Amino acid sequence: MNMNKSMIALIAAATMLTACNNDKADENGEKTVQTTDENKTQTENGQQKQPTQTETQTSPKHEKWSSLPEYDKIIEQIGNEDYIFNKETDNDGKRVFLIELNGEKQYKTVFVKNTNRLKIIKINGGGEIYNGIIK
């Protein structure tokens, strides 16, 4: 029984030391940063798995919008670049965003709340790129 306690303490200490070491230099001297637990999930046997499409990574600029029901579908359709979301309208019926990249308006999104319908329109000649109901 004492050996089990020692082994558990050793494993716990090694885990803590490993978790505290966030960045390290690779063979070329370049720094790499380990991903956080937000981007990976632990399985029961301790192995880590890569995030699935439903566990998308969120840009820090999008933190306040990522909880919206339409956010994942918007990112799926337009990509996860350094877009700036500018809320134009948000009332009981609909939410409208103008999405910019490098200071230029790229997309307009309209989310109809009572039907969960999302429309994504590419500004400057692209037209409607998505029109569907979000589940």
**Q.** Selected residue (only one of E55, E76 is at pLDDT 50 or above and either among the acidic types (D, E) or more than 23 Å from K122 (Cα to Cα) (or both))
**A.** E76
Q) Name the pairs: first residue in the stretch 77-104 and in a strand (DSSP E or B), second residue among the acidic types (D, E) and buried (at least 16 other Cβ atoms within 10 Å of the Cβ), Cβ to Cβ under 7 Å, at least 6 apart or on different chains? A) I84/E100; N86/E100
Q.
With the structure loaded, tell me whether R117 is without any contact (Cβ under 8 Å) to a residue 60 or more places away in the chain and open to solvent by 70 Å² or more (accessible area, probe 1.4 Å) or whether it fails that test.
A. yes
Q. Between residues in the stretch 124-135 that are touching a residue at least 12 places away in the same chain (Cβ under 8 Å) and part of a loop (DSSP other than H, G, I, E, B) and residues that are open to solvent by less than 80 Å² (accessible area, probe 1.4 Å) and not aliphatic (A, V, I, L, M), which pairs lie under 7 Å by C-beta distance while being six or more apart or on different chains?
A. I134/P69; I134/E70; I134/K73; I134/N116
(Q) When you scan the stretch 100-107, do you find a residue that is acidic (D, E), open to solvent by 80 Å² or more (accessible area, probe 1.4 Å), at pLDDT below 95 and out of contact with any Leu (no Cβ under 7 Å at 6 or more places or on another chain), even just one? (A) yes
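The values are calculated or read from the model by the stated rules, or taken from the named source; none is laboratory data. Not measured: the values here are computed from a predicted model. Every residue, glycine as well, gets a Cβ built from its backbone with ideal geometry; the counts of neighbours run over all protein chains shown. Please note that ligands, DNA and RNA were not included when accessible areas were found on the heavy atoms of the full protein model with its side chains. Shrake-Rupley method; radii C 1.70, N 1.55, O 1.52, S 1.80 Å.
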